[in-house]
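**Student:** Starting off with a structure, shown below.
The values are calculated or read from the model by the stated rules, or taken from the named source; none is laboratory data. This one's a predicted model, so the numbers in the text were calculated from it and none came from an experiment. Positions of Cβ are generated from backbone atoms using ideal geometry, with glycine treated the same way; all protein chains shown enter the neighbour counts. Accessible surface areas use protein heavy atoms only, side chains included; no ligands, DNA or RNA. Shrake-Rupley method; radii C 1.70, N 1.55, O 1.52, S 1.80 Å.
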Amino acid sequence: MKLPVSKTNAPVWRDITVKAELPSQLKPLEVMARNLWWVWNSEAKSLFRDLNPDLWRKTGENPVMLLQQLTAERIDEILADKGIMDRVSRVYADMQDYLSKPMRKDVPSVAYFSMEYGLCNCLKIYSGGLGVLAGDYIKEASDSCVDMTAVGFLYRYGYFTQTLSVDGQQIAKYEPQNFNQLPIEQVLDKNGHPMILEVPFPGRIVYSHIWRVNVGRMKLYLMDTDFDANSEFDRPITHQLYGGDWENRIKQEYLLGIGGILMLKKLGIRTQLYHCNEGHAALLNLQRLVDYVQDEHLDFNVALELVRASGLYTVHTPVPAGHDYFDESLFGKYMGEFPAKLGISWNDLMNMGRENPDTNERFSMSVFALNTCQEANGVSKLHGIVSQKMFAGIWKGYTWEESHVGYVTNGVHMPTWAASEWKEFYADKLGAEVFSHQSDPEAWSGIFKVADEEIWNMRCTLKNKFINFVKRDFKEKWLANQGDPSTVINVLERINPNALIIGFARRFATYKRAHLLFTDLDRLAKIVNNEQFPVQFIFSGKAHPADGAGQGLIKRIMEISRMPQFLGKIIFLEDYNMIVAKRLVTGVDIWLNTPTRPLEASGTSGEKAEMNGVLNFSVLDGWWYEGYRFNEKAGWALTDKRTYTDQAQQDKLDAATIYNMLENEIIPLYFEKNSKGYSPKWIDYIKGSIGDIAPHFTMKRMIDDYIARFYDPEAARSTRLQANDFALAKEIAAWKEKVAAAWDGIKVLDVRHTADITPSVTGEAYRIEVTLDTNGLADDLGIEEVIYRSEDGQEHLVGKKPFKVVKKDGNIVTFELSSKVKNAGVFRVGYRIFPVNPELPHRMDFAFTRWI
């Protein structure tokens, strides 16, 4: 008899999440777990940790997962513990009191768009500084009661988890997030079903779930396409942050901008202003244009006035290559339907994203953002200048020095990044008002009156906490990945709390120059092996999976760290994340930063160090270009002057400077210890760092700057443009159309000087007359003298002098300039015609020019 063939198929598995059902007395914990207020409230965070310290670490400091995995036995213990139950009641009451404070009505409402947000370690929707900055910003919006709504993505895989192979090669692991275990809430419709956002893509609808992150008082809404309603082609749109090819990138930016605006409409959220955090979100303005044209039945040019007046673009990139550019064919595949919706041509739309219109240039998201946002800003004073130069070609009649592009220097959210020990210390020594007046140096001035020994004890406490963290959390990782257990134990035993510990942790891009320290290994070996003055270096950071050079730097550091002379003296902590970052910026003694200037747009890790008494040693770039100048005896700086044009030679010089400063200034100062075991001069540096520098780099100062420099002025103008059925917007659009139509017909009839040659002696008076046929623009034109001077091989704007109208005869207008020569030198002088309208926010808003 023939035996029957087995009739079984492959198993079909379904994920089922079974969570602990908390008794009613512990329900407040569930509410608190789903509001990220706990991230920066030390009492709330310590409460969750104390429920089960091992589980808290195992879950990556995720309170939702923690509560889901509490055993019935542990729940009973908590209920019987009066101390913990009292803390639950107290902390919950504190949160409710915090949330009860209403949003401010004296500042505009804002929609904030960003590709990434670094809010806490367990919500992996960030990769690095841009995301952490955005996360800090919306936390401060909550603290400052600014009516802000944030828009982003809920990534299935987020950014990668880093492990290192035995030979130091980075291994990137993309681990899926279980959304039911995250501190987020799915938005439901009126029937209690998941709300579905429908986003029209070419030839199809892309569907998105909507998730809400409660960030204190404000809301962050995240889109998610990874579910069955979408095709296999569209589900991955929200799989990975900065993952996939260029087509996936344009799909992401389409969904973020266009889908984001549609999401806000579906949620019934309307704000006064729209803030693009980087160019990724610029297409939000395209959808806003469509809404004005189709819903309000406005002409495109009127719609553009309204969109521009309420838009702000923040650029974080210091080089053109860092911006997103799309080939016309790919851009057309996704945007081909929009010109018809707007009543413009395809070429008109492409030109909005080209620095040089009517060429074959690719579509630049940054150029589009600049053409559809009234205001733009860099993220530090130096980066503001870099950005003005980078974008100067868009407004060709003007020099970069005349650009409207401004700046707001980045800051950090002090309640998140200051260690809980420091926050308690500040409240005790400086008064609780330091938290509500973080950006006021006067609120921090009490630090100079604190006893040196108390400051030193704080630093020792945080340093030992960091060392214990490394020994506990990294022992297991190193044993799993680094091979020889005896070597791992040897490294751990050599971490010395009495050593000067220098930290370097950030994204491993080549311009960050992590290699500088290793230029002269013999000299470095002498520094770290000085038994009298021990020094140790801690490195951490990830390289983008496509960045081979960055990964090579990590591999090289790992190789060096295993050399006998550097074992336990050079240490690399793998899988840099927000937990590791906080331990580093609170626990090391010095924060080292060595970027190639001016490629560090701002940088914020050093600002976090400032909040914790950790001193900065950095290139004068980004924020430190400003910070160092508040107190040059509160940190150390590599010069901002370039000696060599060849970068390799400059790197050698900078490396030698680092060694010299360590050997001759920093190490001797640290070890100039008194009988109590600390260096009074080092404590003076710490006090200066906290008292004179830290207040200027808080997120409170940053959001106040955005409100004063951009939000308030833009909202006031935008309100005026929208009043009376958009009357002023229509008037400005009509005026621009009139000027544009007449511009080429302007004629220069006469130019007269008081002498045959220009003045040649200081103090000499001169007069110039220019007569124009204005071609119907008699009341709409201005003329100015523009003066340049050559310095260091570059031309710089010296000044501008306006002409006055002295005679009008119909379209014939005579302008006159009477002035004196003030300074000696060789100058270039030109005369520029430009349109004049007091309702324009700045010249770049309508950058027509003509040189005489």
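**Student:** Looking at Ile171, Ile196, Ile205, Ile138 in this structure, which one is under 22 Å from Val31 (Cβ atoms) and among the β-branched types (Val, Ile, Thr)?
**Tutor:** Being under 22 Å from Val31 (Cβ atoms) and among the β-branched types (Val, Ile, Thr) holds for just one of Ile171, Ile196, Ile205, Ile138, which is Ile138.
**Student:** Looking only at segment 303-320, count every residue that is aliphatic (A, V, I, L, M), open to solvent by 10 Å² or more (accessible area, probe 1.4 Å) and under 17 Å from Leu273 (Cα atoms) and tell me the total.
**Tutor:** Step one: filter segment 303-320 for residues aliphatic (A, V, I, L, M), giving 303-304, 306-307, 309, 312, 315, 319.
Keeping just the survivors that are open to solvent by 10 Å² or more (accessible area, probe 1.4 Å) gives 304, 319.
Keeping just the survivors that are under 17 Å from Leu273 (Cα atoms) gives 304.
The number of residues fulfilling the criteria is 1.
**Student:** What tally of residues in segment 487-508 results from selecting those that are open to solvent by less than 70 Å² (accessible area, probe 1.4 Å) and farther than 16 Å from Lys582 by Cα?
**Tutor:** Initially, segment 487-508 is screened for residues open to solvent by less than 70 Å² (accessible area, probe 1.4 Å), giving 487-492, 495-497, 499-506, 508.
Those still in the list that are farther than 16 Å from Lys582 by Cα too: 487-492, 495-497, 499-500, 508.
Here the count works out to 12.
**Student:** From the list Glu198, Glu247, pick out the single residue that is of a type in the set (Asp, Glu), under 25 Å from Val110 (Cα atoms) and outside any loop (DSSP other than H, G, I, E, B). Full working, then the answer.
**Tutor:** On the way: Glu247 fails: under 25 Å from Val110 (Cα atoms).
One residue alone meets the criteria, Glu198.
**Student:** Just to verify a result, which residue in segment 202-221, among those that are buried (at least 21 other Cβ atoms within 10 Å of the Cβ) and more than 30 Å from Arg104 (Cα to Cα), is nearest to the chain's Cα centre (by Cα)?
**Tutor:** For segment 202-221, the residue satisfying everything is Ser208.
**Student:** Next question. Residue under question is Gly541, and the condition is that it be within 32 Å of the chain's Cα centre (by Cα), under 20 Å from Ile495 (Cα atoms) and either open to solvent by less than 50 Å² (accessible area, probe 1.4 Å) or of a type in the set (Val, Ile, Thr) (or both); does it hold?
**Tutor:** Working: within 32 Å of the chain's Cα centre (by Cα): yes; under 20 Å from Ile495 (Cα atoms): yes; either open to solvent by less than 50 Å² (accessible area, probe 1.4 Å) or of a type in the set (Val, Ile, Thr) (or both): yes.
Taking the combined requirement at face value, the residue satisfies it.
**Student:** Look at segment 59-86 and say how many of its residues are surrounded by fewer than 16 Cβ atoms within 10 Å (Cβ to Cβ) and not in a helix (DSSP H, G or I).
**Tutor:** Residues that pass the stated criteria total 2.
**Student:** Sticking with this structure for a sec: Within segment 428-522, which helices (runs of 4 or more DSSP H) (wholly inside it) include 2 or more residues that are modelled with pLDDT under 95, in contact with a Gly (Cβ under 6 Å, 6 or more places away or on another chain) and closer than 30 Å to Gly550 by Cα? If you could, list the steps in order and put the result at the bottom.
**Tutor:** Details: elements: 433-436, 441-444, 452-481, 485-494.
Filter on segment 428-522 gives 485-494.
**Student:** Also, I was wondering about something else. Do we have any residue at all in segment 387-401 that's buried (at least 18 other Cβ atoms within 10 Å of the Cβ) and out of contact with any helix residue (DSSP H, G or I) (no Cβ under 7 Å at 6 or more places or on another chain)? Write out each step before concluding.
**Tutor:** Of all residues in segment 387-401, those buried (at least 18 other Cβ atoms within 10 Å of the Cβ) come to 387-388, 390-391, 394-395, 398, 400.
Subset that is out of contact with any helix residue (DSSP H, G or I) (no Cβ under 7 Å at 6 or more places or on another chain): 387.
Checked against the condition, which is being buried (at least 18 other Cβ atoms within 10 Å of the Cβ) and out of contact with any helix residue (DSSP H, G or I) (no Cβ under 7 Å at 6 or more places or on another chain), segment 387-401 yields at least one hit.
**Student:** Counting only residues that are modelled with pLDDT of 90 or more, open to solvent by 10 Å² or more (accessible area, probe 1.4 Å) and not small (Gly, Ala, Ser), which one in segment 594-610 is farthest from the chain's Cα centre (by Cα)?
**Tutor:** Narrowing segment 594-610 to residues modelled with pLDDT of 90 or more: 604-610.
Narrowing the set further to residues that are open to solvent by 10 Å² or more (accessible area, probe 1.4 Å) leaves 604-605, 608.
With the extra rule that they be not small (Gly, Ala, Ser), the set shrinks to 604, 608.
Working: Thr604: 9, Lys608: 14 Å.
Only one residue fits best here, namely Lys608.
**Student:** Here's a follow-up. Could you go through segment 139-151 and let me know if any residue there is modelled with pLDDT of 95 or more, farther than 29 Å from Met365 by Cβ and assigned to a helix (DSSP H, G or I).
**Tutor:** Within segment 139-151 (the criterion being modelled with pLDDT of 95 or more, farther than 29 Å from Met365 by Cβ and assigned to a helix (DSSP H, G or I)), the answer is yes, since at least one residue qualifies.
**Student:** Any idea which residue in segment 646-661 is modelled with the highest pLDDT, counting only those that are among the hydrophobic types (A, V, I, L, M, F, W, C) and farther than 17 Å from Trp591 by Cα? Reasoning before the result, please.
**Tutor:** Just the residues of segment 646-661 that are among the hydrophobic types (A, V, I, L, M, F, W, C), to begin with: 648, 653, 655-656, 658, 661.
Imposing the further condition that a residue be farther than 17 Å from Trp591 by Cα reduces the set to 648, 653, 656.
Numbers: Ala648: 78, Leu653: 84, Ala656: 87.
It comes out as Ala656.
**Student:** Pick from segment 250-277 the residues that are open to solvent by 10 Å² or more (accessible area, probe 1.4 Å) and not in a helix (DSSP H, G or I): which of them is farthest from Leu721 (Cα to Cα)?
**Tutor:** Gly268
**Student:** Condition test on Asp189, is it without any contact (Cβ under 8 Å) to a residue 12 or more places away in the chain, under 27 Å from Lys266 (Cα atoms) and touching a strand residue (DSSP E or B) at 6+ places or on another chain (Cβ under 9 Å)?
**Tutor:** On the way: without any contact (Cβ under 8 Å) to a residue 12 or more places away in the chain: yes; under 27 Å from Lys266 (Cα atoms): yes; touching a strand residue (DSSP E or B) at 6+ places or on another chain (Cβ under 9 Å): yes.
Considered against the rule, which asks whether it is without any contact (Cβ under 8 Å) to a residue 12 or more places away in the chain, under 27 Å from Lys266 (Cα atoms) and touching a strand residue (DSSP E or B) at 6+ places or on another chain (Cβ under 9 Å), Asp189 comes out as yes.
**Student:** Here is a follow-up. If I ask for residues that are crowded, with 21+ Cβ neighbours inside 10 Å and of a type in the set (Asp, Glu), which ones from segment 125-183 would you list?
**Tutor:** Once the filter is applied, which keeps residues that are crowded, with 21+ Cβ neighbours inside 10 Å and of a type in the set (Asp, Glu), segment 125-183 yields Asp136, Glu140, Asp143.
**Student:** Further question on the same structure: Among the listed residues Glu731, Glu737, Glu714, identify the single one that is in contact with a strand residue (DSSP E or B) (Cβ under 9 Å, 6 or more places away or on another chain), assigned to a helix (DSSP H, G or I) and over 21 Å from Ile852 (Cα atoms). Break it down into steps so the answer makes sense when it comes.
**Tutor:** Values: Glu731 fails: in contact with a strand residue (DSSP E or B) (Cβ under 9 Å, 6 or more places away or on another chain); Glu737 fails: in contact with a strand residue (DSSP E or B) (Cβ under 9 Å, 6 or more places away or on another chain).
The unique qualifying residue is Glu714.
Residue-by-condition table, conditions (1) β-branched (Val, Ile, Thr); (2) within 18 Å of Ser165 (Cβ to Cβ); (3) open to solvent by less than 30 Å² (accessible area, probe 1.4 Å); (4) modelled with pLDDT under 95:
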site	(1), (2), (3), (4)
Asp547	no, yes, no, yes
Ile554	yes, yes, yes, yes
Ile557	yes, yes, yes, yes
Pro564	no, no, no, yes
Glu574	no, yes, yes, yes
Leu584	no, no, yes, no
Gly587	no, no, yes, no
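**Student:** Surrounded by fewer than 21 Cβ atoms within 10 Å (Cβ to Cβ), touching an Asp or Glu at 6+ places or on another chain (Cβ under 8 Å) and assigned to a helix (DSSP H, G or I): is that true of Val293 in this structure?
**Tutor:** Values: surrounded by fewer than 21 Cβ atoms within 10 Å (Cβ to Cβ): yes; touching an Asp or Glu at 6+ places or on another chain (Cβ under 8 Å): yes; assigned to a helix (DSSP H, G or I): yes.
Yes, satisfied.
**Student:** List pairs: first in segment 672-686 and under 20 Å from Asn616 (Cβ atoms) and part of a helix (DSSP H, G or I), second modelled with pLDDT of 95 or more and of a type in the set (Phe, Trp, Tyr), Cβ under 7 Å, 6+ apart or cross-chain?
**Tutor:** Taking only residues 6 or more apart or on different chains, the pairs are Trp682/Tyr670; Ile683/Trp456.
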